[in-house]
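Derivation of every value follows stated rules applied to the coordinates shown; laboratory data play no part. This one's a predicted model, so the numbers in the text were calculated from it and none came from an experiment. Glycine gets a Cβ as well: all are built from the backbone with ideal geometry, and neighbour counts include every protein chain shown.
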Amino acid sequence: MKSLVVREWGEPRDRLNIEESALPEPGWNEVRVRMVMAPINPSDLLMIRNRYGRQPALPCCPGFEGVGVVEAGKGPLAWRVMGKRVAVIAKDGGSWASHCVIPAIRAIPLAPEVPDEQAASFFVNPVTAWVMIRKLLRPPQGAWIGQTAAAGAVGQMIVRLGKDLGFKTLNIVRREEQGQILKGLGADKVIVGSGDELTEKIQLALGNEKLHAALDAVGGPTGASLIPALKRHGSLMIFGRLSGEPIPLHSGQLMAGMRKVESFWLSEWTQDQSKLTMWSTFRQVAAAMKRGVLQSPVGKVFPFEDFRSAVQEADRAGKDGKVLLRMS
Ligand SMILES: NC(=O)c1ccc[n+]([C@@H]2O[C@H](COP(=O)([O-])OP(=O)(O)OC[C@H]3O[C@@H](n4cnc5c(N)ncnc54)[C@H](OP(=O)(O)O)[C@@H]3O)[C@@H](O)[C@H]2O)c1
């Protein structure tokens with residue numbers, strides 16, 4: 001098998017190399033998947049740069065998800081998916097390879113209507129968007145959700161969820177053309193800007209209304225700008241740190257209305273869930289993906305061997321959408 005291997009942390013372009021090794025044999029209730037595609041997410045790049053919250057031991061093969069075909073397995077959970085196309089949940093990494101061994105319970109068969117480009121990104125972003133909205137923030141019909149990084153993959157899913165479930169979205173983006181894309185998806189308000197200038201723009205956009213909750217993946221003053229717009233007891237949920245800047249918190253703004261700042265990290269959340277909850281969440285996400293609600297914007301697809309161009313494109317500000325590696 002061929003894998004992309006990191007032996008030293010650093011810039012993804014310089015630190016990744018293809019290595020060959022013997023095909024791994026799956027253990028009991030494990031499957032070996034012949035990989036078809038895997039996305040390059042911000043978390044993969046953070047991990048290779050040694051800036052992720054939980055770093056694996058070196059050497060390692062990155063990639064927390066992808067899509068492929070089950071070609072070997074042992075045990076009843078494996079037999080259930082033998083020969084099927086599945087979304088791969090590789091929570092400890094390893095999907096940037098020609099083959100990947102995972103617990104069979106983390107191989108999720110998907111409807112044929114879901115194209116490989118979507119199936120490859122089944123886990124990291126769709127489950128995050130779904131859990132934050134449906135299980136944690138639970139906006140009522142007509143309520144407002146504010147968000148930064150709104151034109152990214154997660155951001156677009158939140159907008160589509162808003163249309164589907166009946167909540168409204170106030171979306172902060174950093175480029176004009178991102179606003180057009182979001183309006184096309186049904187975004188209620190779009191604000192272009194960053195930092196302190198946003199506070200006034202948000203207030204103008206909302207008028208007398210307030211946000212039920214807000215989602216922030218940027219950090220810094222951009223993330224903080226959503227706090228004064230929260231309703232009483234409203235929450236700012238932090239789930240990313242794209243700018244790398246800390247969020248400046250003003251105690252008075254939080255205390256007025258007893259607003260909250262909380263965080264979400266999928267890998268922490270999954271640790272707290274029972275197998276049954278995970279299974280039912282995956283079923284709900286698979287159904288929403290089939291309906292087109294949890295859809296990733298698809299960018300360039302690169303052959304596996306051209307991984308250097310792929311990681312560079314994934315890191316580029318203003319890229320077209322999720323960058324994917326094609327293994328076969
Ligand atoms: N906590 C969790 O469990 C979890 C799970 C999934 C994702 N995430 C996080 O969610 C975030 C979004 O992921 P994604 O896959 O949706 O990313 P993505 O598709 O790459 O989109 C990122 C978006 O953010 C914008 N952006 C990037 N850096 C920015 C900055 N410094 N200031 C303002 N906007 C910026 C980009 O704009 P341009 O187009 O202009 O570059 C793009 O619209 C990431 O931080 C990721 O790590 C967290």
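Give me the log10 of I(q) over I(0) for the stretch 66-224 at q = 0.16 Å⁻¹, as the Debye formula computes it from C-alpha points; what are the numbers? For the requested q values the scattering log ratios are -0.90. Scattering from the stretch 54-111 was approximated by placing one identical point on each alpha carbon and applying the Debye formula without solvent; log10 I(q)/I(0) at 0.15, 0.23, 0.25 1/Å stands at -0.42, -0.86, -0.98. Here's how it looks for Arg49: its modeled amide H is under 5 Å from those of Gly10, which are all 5 or more places away or on a different chain. The 3J(HN,Hα) values that the Karplus relation (6.51, -1.76, 1.60; θ = phi - 60°) gives for the stretch 4-21 are, in residue order, 8, 10, 10, 10, 8, 5, x, 5, x, 4, 8, 9, 8, 9, 7, 10, 9, 8 Hz. Gly and Pro appear as x. Relative to the dominant Cα principal axis of the chain, helix 275-290 is inclined by about 80°.
A straight line joining the Cα centroids of the stretch 49-74 and the stretch 103-126 runs 15 Å.
How tilted is helix 153-165 with respect to the longest principal axis of the chain? Cα atoms for both, answer in degrees (0 to 90, nearest 10). Helix 153-165 sits roughly 70 degrees off the main axis of the chain.
Over every Cα atom in the chain, the radius of gyration and the widest Cα-Cα span, Dmax, amount to 20.0, 63 Å.
Summarised as an ellipsoid, the stretch 183-239 has semi-axes of 16, 14, 13 Å, derived from the eigenvalues of the Cα gyration tensor scaled by 5 and square-rooted, with the largest first.
Spin-label pair Asp272-Asn29: with each label point 7 Å from Cα along the Cα-Cβ axis, the two points sit 2.4 nm from one another. On a per residue basis, the convex hull of the C-alpha atoms belonging to the stretch 135-267 measures out at 103 Å³. Note: relative contact order over the stretch 135-267, using C-alpha pairs below 8 Å and six or more positions apart, is 21 percent.
Shown for Ile18, Ile158: other C-beta atoms within 10 Å of each C-beta, ranked fewest to most, produce the order Ile18, Ile158.
When only Cα pairs below 8 angstrom with a gap of at least 6 residues are kept, the chain shows a relative contact order of 17 percent.
Exposure here means at most 11 other Cβ atoms within 10 Å; with GluC sites (Glu not before Pro) in a DSSP loop as sites, the longest stretch of the chain lacking them is 114-328.
Taking the number of Cβ atoms within 10 Å of each Cβ as an exposure proxy, the fewest-first ranking of Val298, Val33, Val88, Val154 is Val298, Val154, Val88, Val33.
For the stretch 230-328, the spherically averaged projection of the C-alpha convex hull amounts to 10.1 nm². When only Cα pairs below 8 angstrom with a gap of at least 6 residues are kept, the stretch 90-191 shows a relative contact order of 20 percent. This ranking places Lys189, Lys135 by how few other beta-carbon atoms lie within 10 Å of each, fewest first, which gives Lys135, Lys189. Backbone amide hydrogens, once placed in the peptide plane, bring Met237 within less than 5 Å of Ala214, Leu215, Asp216, Glu262, excluding anything fewer than 5 places away on its chain.
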